[in-house]
Amino acid sequence: MFDMDGVLASLRLFPLFAAYAWAAASYPTIPQDRTTPVQQRLAVKGPNSVSVGWNTYQKLDQPCVQYGTSNNSLTSKQCSTSSVTYPTSRTYANAVTLTGLTPATTYYYKIVSTNSSVEHFLSPRVPGDRTPFSVNAIIDLGVYGADGFTIEGDQTKRDIIPQIDPSLNHTTIDRLARTVDDYEFIIHPGDLAYADDWFEKPKNVLDGKNAFEAILEQFYTQLAPVASRKPYMASPGNHEVACQEIPVLTLACPEGQKNFTDFMNRFGQTMPTSFASTSANQAAKVNANKAAALAKPPFWYSFEYGMVHVTMIDTETDFPSAPDQPGGSSGYLNASPFGTANQQLDWLAADLASVDRTVTPWVIVGGHRPWYTTKGSSPCTACQNAFEPLLYKYGVDLAIFGHVHNSQRFLPVNNSIADPAKLNNPKAPMYIVAGGAGNIEGLSSVGGNSTTNVFAYAEDFSYASVSFLDKNNLKVGFIRSSTGDVLDSSVLYKAHSQQFVVQ
């Protein structure tokens with residue numbers, strides 16, 4: 001239903017937004033060779049495969065990548081026909097999958113172009129590999145620098161990081177680049193770039209495009225030095241939906257800037273579709289096959305890596321009262337469902353029921369909107385009603401969310417009641433919020449602590465690190481982006497003596 005009261009409220013608020021959100025946004029310069037790869041990004045595609053995504057300023061008939069285990073001997077080559085765009089974009093999104101990789105091995109690759117360089121990555125660990133490793137959770141990350149700013153009350157905050165072009169500086173991305181050898185992949189469950197928060201047409205407008213596209217180009221260019229070396233596993237947030245979040249402006253979004261269009265074009269061919277079960281348990285195999293048929297990347301999907309099963313959910317659409325669909329709390333965004341009725345929840349049940357804890361003892365879930373947060377922000381009760389019972393039923397160990405622009409850690413909790421075991425073999429999942437990476441909207445006040453909250457931080461940009469120490473111990477840390485200081489650290493112990501595989 002169209003919410004006229006919401007539109008009128010937005011019109012009243014618009015001068016307030018305009019007072020601080022009008023800012024110049026410049027397009028990156030188009031290279032002379034339009035096949036030059038830009039905005040590069042990797043993803044775990046399968047047990048022995050990695051997808052390489054990148055954009056170009058012209059369509060490629062056959063995107064190709066050369067690769068090998070030596071930087072001067074790229075003896076393998078994979079190509080595709082995937083080069084797609086949408087009406088308001090200046091670029092084409094390309095994707096190629098590199099297959100047959102030896103696990104946990106450094107590979108070198110070069111996107112085929114007259115103007116590209118050799119990069120490298122570590123191929124995925126096979127499910128069941130018990131080697132310790134770490135990953136980072138980076139959520140709510142947007143453009144920041146000469147063309148970006150954050151606001152907290154009347155204070156404008158800028159960072160000066162000399163290691164990155166001053167027009168594209170960002171403390172979190174800078175920290176990720178400095179510590180790139182310390183983690184093996186990144187999960188980013190929603191809110192990338194914040195292109196929908198920019199209202200002014202850009203300087204140096206080329207081809208008649210607008211600030212929305214300019215900010216997307218800036219952000220993914222800024223991210224490329226990290227995402228071209230580490231798999232960057234993304235799922236959607238509310239800032240991916242449309243060109244604006246203000247109802248009256250959302251109605252004016254052009255074709256191509258509605259209903260997650262850029263997000264689908266950018267990540268739809270790179271995120272994994274399914275992993276074949278490595279379990280000897282027949283029920284696990286059946287459930288894995290069912291989950292593969294119901295998966296809908298880049299919205300909901302899962303993958304396995306070493307001793308962890310990672311499940312990425314969509315908190316924006318495709319469940320009862322989903323926030324971004326008509327009838328939801330942000331229904332003016334008018335997002336369409338991307339699956340059939342109950343498809344996402346049926347997939348989630350099958351996916352979690354397929355996990356063999358003797359192979360991948362740890363299970364983590366990543367999504368955008370949290371249902372546990374401090375009192376400075378509102379929880380997503382529709383998300384809690386849809387997802388929390390399944391996370392508890394199938395013994396999820398850690399749930400990672402964003403949306404609220406700060407860092408928070410909660411005791412293991414279910415139905416808003418803390419697990420009495422705390423971090424010593426709880427039945428309930430441990431919940432964290434890692435939404436403080438930094439964007440144009442600034443940081444969110446913590447407000448009053450809820451009874452299950454044990455850590456909250458909103459003084460500076462920050463992100464979460466998750467370390468899989470062994471099959472029974474997992475460490476969660478929060479890192480201050482500007483200094484690398486550890487703000488909070490905890491170790492979760494799980495016996496993992498129970499199997500949740502079901503017929």
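The values are calculated or read from the model by the stated rules, or taken from the named source; none is laboratory data. This structure is a prediction, so every number in the text was calculated from the model and none was measured. FYI the Cβ positions are ideal-geometry reconstructions off the backbone, even for glycines, and counts take in every protein chain you see. What goes into the accessible areas is simple: the full protein's heavy atoms, side chains included, and nothing from ligands, DNA or RNA. Shrake-Rupley method; radii C 1.70, N 1.55, O 1.52, S 1.80 Å.
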From the options G46, G53, residue that is of a type in the set (G, A, S), at pLDDT 95 or above and open to solvent by less than 20 Å² (accessible area, probe 1.4 Å): G53
G448 in the same structural domain as S377 (by the TED database), small (G, A, S) and open to solvent by less than 10 Å² (accessible area, probe 1.4 Å): no
Residue within region 411-424 that is surrounded by fewer than 22 Cβ atoms within 10 Å (Cβ to Cβ) and in contact (Cβ under 8 Å) with a residue 60 or more places away in the chain present: yes
Within region 371-419, considering residues that are of a type in the set (D, E, K, R) and modelled with pLDDT of 95 or more, the one farthest from the chain's Cα centre (by Cα): D419
Selection from region 428-443 of residues that are in contact with an Asp or Glu (Cβ under 9 Å, 6 or more places away or on another chain) and either crowded, with 21+ Cβ neighbours inside 10 Å or modelled with pLDDT of 95 or more (or both): A428, P429, M430, A434, G435, G436, A437, G438, N439, I440, L443
A349 being assigned to a helix (DSSP H, G or I), more than 16 Å from F401 (Cα to Cα) and open to solvent by 20 Å² or more (accessible area, probe 1.4 Å): yes
Residue check for A23: at pLDDT 95 or above and in contact with a strand residue (DSSP E or B) (Cβ under 8 Å, 6 or more places away or on another chain): no
Members of region 460-477 found to be more than 14 Å from Y183 (Cβ to Cβ) and touching a Gly at 6+ places or on another chain (Cβ under 9 Å), listed by number: D460, F461, S462
L345 of a type in the set (A, V, I, L, M) and either at pLDDT below 95 or touching a His at 6+ places or on another chain (Cβ under 9 Å) (or both): no
